[in-house]
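Participant: This is the structure, below, for whatever I ask next.
The values are calculated or read from the model by the stated rules, or taken from the named source; none is laboratory data. Here the structure is a predicted model, which is why all the values come from computation and not from measurement. Here Cβ is always computed from backbone atoms with ideal geometry, including for glycine, and neighbour counts include all displayed protein chains. For accessibility, only protein heavy atoms count, side chains too; no ligands or nucleic acids. Shrake-Rupley method; radii C 1.70, N 1.55, O 1.52, S 1.80 Å.
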Amino acid sequence: MIEVQAELTRGDFHFEADFTAHGGVNVLFGRSGSGKTTAADLIAGLLRPTKGRIVLNGEVVCDTEARLDLPAWRRRIGYVFQDARLFPHLNVRDNLLYGARRRGVQSPPIDEVVGLLGLEGRLMQRPDALSGGEARRVAIGRALLGEPGVLILDEPLSGLDGARRAEILPYLDRLARSGPPILYITHAVDEAARLADEVLLAVDGRVFNAGRPEQAFA
């Protein structure tokens with residue numbers, strides 16, 4: 001569960017969030033520039049709110065009134081950015097295990113994650129040999145193997161053509177059923193409608209609960 005009541009002012013941009021994201025897939029939906037990535041960065045600890053409180057799975061990770069602000073590495077967030085950010089000198093297996101090794105995860109379930117994301121036969125390849133969809137799946141797998149309490153996917157299908165989007169969507173469906181709670185950021189209605197258990201709307205710097213997809217898009 002993610003609970004956010006926070007404000008942030010940067011220059012002329014004022015951001016305000018008041019929402020609770022439960023288990024399953026919570027889709028953060030809105031136009032470019034509406035505040036989606038700002039919300040994700042606040043949750044992950046990459047930004048600090050001017051005022052507010054953030055709770056992840058029952059643990060307070062930020063409370064400006066109490067002067068509490070856990071650093072990003074202590075928040076157990078798996079963050080998959082819009083670009084895959086794989087290490088070009090490492091093969092797929094070593095890219096997958098990178099985060100788990102840094103966090104000291106004992107016996108990470110790499111075979112399970114490889115099967116979940118359909119990466120069999122790719123483990124010895126370098127990132128430059130992968131398709132765009134495969135690279136995104138490796139980035140998701142790397143985040144999962146770090147045993148995150150929450151997984152943030154920031155526009156994971158952005159920049160992919162129709163064929164690559166169709167390739168990765170079934171894996172996202174599978175991840176939604178078996179992975180940790182997910183905050184899925186997108187501006188695409190079809191992705192939100194297909195994947196969301198609940199929808200959060202970002203509108204002109206405000207983020208709030210909008211209910212189930214059929215309510216949010218009514």
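Participant: By how many nm would the segment from Tyr98 to Leu123 grow when fully extended, if each residue of separation counts as 0.36 nm and the alpha-carbon distance is taken off?
Facilitator: Here the segment from Tyr98 to Leu123 would lengthen by 7.7 nm.
Participant: Let me ask another. In percent, how large is the relative contact order of the chain, given Cα pairs closer than 8 Å and 6 or more residues apart?
Facilitator: 31
Participant: Going by the alpha-carbon gyration tensor, a ≥ b ≥ c the square roots of its eigenvalues, is region 1-101 rounded (a/c under 1.5) or, if a/c is not under 1.5, prolate (a/b greater than b/c) versus oblate?
Facilitator: prolate
Participant: Over region 13-129, calculate the relative contact order: mean separation of alpha carbon pairs under 8 Å at least 6 apart, over the residue count, as a percent.
Facilitator: This gives 16 percent for region 13-129.
Participant: Sticking with this structure for a sec: Can you give the accessible area per residue of the chain, in Å², using a 1.4 Å probe?
Facilitator: Result: 48 Å² of accessible area for each residue.
Participant: Among the DSSP beta bridges whose two residues both lie in the chain, what percent are antiparallel, rounded to the nearest 5?
Facilitator: DSSP beta bridges in the chain are roughly 55 percent antiparallel.
Participant: Sticking with this one: Order Leu47, Leu153 by their accessible area, 1.4 angstrom probe, all chains in place, largest first.
Facilitator: Correct descending sequence by accessible area is Leu47, Leu153.
Participant: Length gain on complete extension for the stretch Asn209 to Leu90, per 0.36 nm per residue less the alpha carbon to alpha carbon distance?
Facilitator: 38.8 nm
Participant: A follow-up question, please. For a label point 7 angstrom out from the Cα of Trp73 toward its Cβ, which stretches of region 97-137 have the backbone nitrogen within less than 19 Å?
Facilitator: 97-106, by backbone N distance to the label point.
Participant: Could you sort 155-162, 87-94 so that the peptide with the highest average Cβ count within 10 Å comes first and the rest follow in order?
Facilitator: So the order, starting with the most tightly packed, is 155-162, 87-94.
Participant: If you don't mind, another one. Not counting ligands, DNA or RNA, and with a 1.4 Å probe, what is Leu70's accessible surface area in Å² rounded to the nearest 10?
Facilitator: In the full protein context, Leu70 sits at about 20 Å².
Participant: If you average over every viewing direction, what projected area does the convex hull of the Cα atoms of region 147-191 give, in nm²?
Facilitator: Taking a quarter of the hull surface, the average projection is 3.3 nm².
Participant: Using a 1.4 Å probe on the protein heavy atoms only, what accessible surface does Tyr171 show? Give it in Å² to the nearest 10.
Facilitator: Approximately 50 Å² for this residue.
Participant: Which label belongs to the value computed from this structure, given these candidates for Rg and Dmax of the Cα atoms in Å: (i) 17.1, 51; (ii) 24.0, 92; (iii) 18.5, 65?
Facilitator: (i)
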